[in-house]
Amino acid sequence: MSRLIHHSKLNLSRFSIITSRNGRFMSTGYDKSAGSDNSNTTDRVEEAETVNVPPPLTEKLLVLGGNGFVGSHICKEALNRGLDVGSLSRSGRSSIQESWANNVTWHQGDLFSTDSWKDALKGVTSIISCVGGFGSNSQMYKINGTANINAIRAASEEGVKRFVYISAADFGLVNYLLQGYYDGKRAAETELLTRYPYGGVILRPGFIYGTRKVGSMQLPLGVIGSPLEMVLQNAKKLNQVPLVGPLFTPPVNVTAVARVAVRAATDPVFPPGIVDVYGILRYSQQRSV
């Protein structure tokens, strides 16, 4: 038995492999130092088959409503992380006169007409929707609910891997005053959790503050929002007070929302499901991977 094992062993020292600078694998011939019977034999170098290693896939993010207050910050955050970023809205290109906006691919389309924006989905790996609005109850349901439901279904059918939806926190009594708004949001959430049980993330921020542009004017909402955030994020128990408790939900900076949204859209281990305002604050303070 020992002789059988001895004779079956392959003497690997007789061969060597050289890797050239251009990535090709080269194999040398018989190694004389390994005991060649012919000391005059010249080593031959033969070129093996070239191995082409494909480059890593680039994450392609599509932001629905990327020319708005929250959407523009998400586009900027995604570009800073080296993503290929596109934006879809009814108006198309944003009026933002900042250098980063030139690196966004601006698409014009209507979420109520899938054919008008189907091309924008090509190659997209993740979507973040910031679509929402106010008006009558029927208008609010249509904008916040139906439009996003259409987007979720189209993305699912196209094979988009992850979908992040910027929803809204519950505000108790306010929900009844804006019934169409919240009914639409919750309908979109239900659709997302159904279509994307493993790749769907819902962010529920409260009041989002930051410098908001209205025409040529800039409204520094952080003057109010930042102090409130510092106070209310440490008063979580007030949120449990019946009826008025949700009014104590802390505001959150728009940059924090953008940071968490992009991470949720691109990090495959980011947990799916609903992230409330406290979760947004927590994730935004963590170091990005």
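Just so it is clear, none of the values below were taken in a lab; they were calculated from the coordinates. Not measured: the values here are computed from a predicted model. Cβ atoms come from the backbone with ideal geometry, glycine included; neighbour counts cover every protein chain shown.
Here CYS75, CYS130 are placed in order of increasing Cβ neighbour count within 10 Å, fewest first, which gives CYS130, CYS75.
Other residues whose C-beta falls under 14 angstrom from the C-beta of LYS60 contribute a net charge of 0, scoring Lys and Arg +1 and Asp and Glu -1.
Can you order the peptides 147-158, 263-274 by their average number of other Cβ atoms within 10 Å per residue, highest first?
147-158, 263-274
Summing Lys and Arg as +1 and Asp and Glu as -1 over all other residues whose Cβ lies under 12 Å from the Cβ of ASN175 gives a net charge of 0. Fully extending the segment from GLN139 to ARG195, taken as 0.36 nm per residue of separation minus the present Cα-Cα distance, adds 17.7 nm.
The residues neighbouring LYS122, those whose beta-carbon lies less than 15 Å from its own, together hold a net charge of -3 under the Lys/Arg +1, Asp/Glu -1 convention. Sorted fewest first by neighbouring Cβ atoms within 10 angstrom, THR194, THR114 come out as THR194, THR114. Taking other Cβ atoms within 10 Å as a rough exposure proxy, ASP110, ASP115, ASP170 sort from fewest to most as ASP115, ASP110, ASP170.
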